[in-house]
Amino acid sequence: MELAYKLSNSAAGKAVEKESAGTANEKKTLMNAEPGQTYIIKELNTDDDEMNSFLFRLGCYQGEPITLISKKKNSCIVVIKDGRYNLDKMLSEAIII
């Protein structure tokens, strides 16, 4: 009876691992977000030091809340630390929420 319990738990564990692995690959950016919602920044996906520095000066870094006010085809208007900014598509796609 104990063996059956371990097998069922391990099978369930594999299903959970596969499910979480599938969602981990899909990174949600500001361009995929819903306007009017507040999100927490999970990471900045950029290799450019200038872009990282610019976003940091705006107050945009991991763990910081960001509110998407509106979204157009090539830009987003966001609120970060009581400041309202218009971010182009490149910057918006670099912010993972």
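Only the coordinates and a few stated rules stand behind these numbers; no lab work does. None of the values given here were measured: they were computed from a predicted structure. With ideal geometry, Cβ positions are generated from the backbone for all residues, glycine too; neighbour counts draw on all protein chains shown.
Among the residues making up the stretch 53-97, those that are acidic (D, E) and out of contact with any helix residue (DSSP H, G or I) (no Cβ under 9 Å at 6 or more places or on another chain) are E64, D82, D88. Cβ separations smaller than 7 Å between residues 6+ apart or across chains give the following pairs from the stretch 33-51 residues that are part of a loop (DSSP other than H, G, I, E, B) to residues that are aromatic (F, W, Y) and surrounded by 12 or more Cβ atoms within 10 Å (Cβ to Cβ): A33/Y39; I41/Y61.
Restricting the first member to the stretch 64-76 and to residues that are touching a residue at least 12 places away in the same chain (Cβ under 8 Å), and the second to residues that are in a strand (DSSP E or B) and of a type in the set (F, W, Y), the beta-carbon pairs closer than 8 Å and six or more apart or on different chains are P65/Y39; I66/Y39; T67/Y39; L68/Y39.
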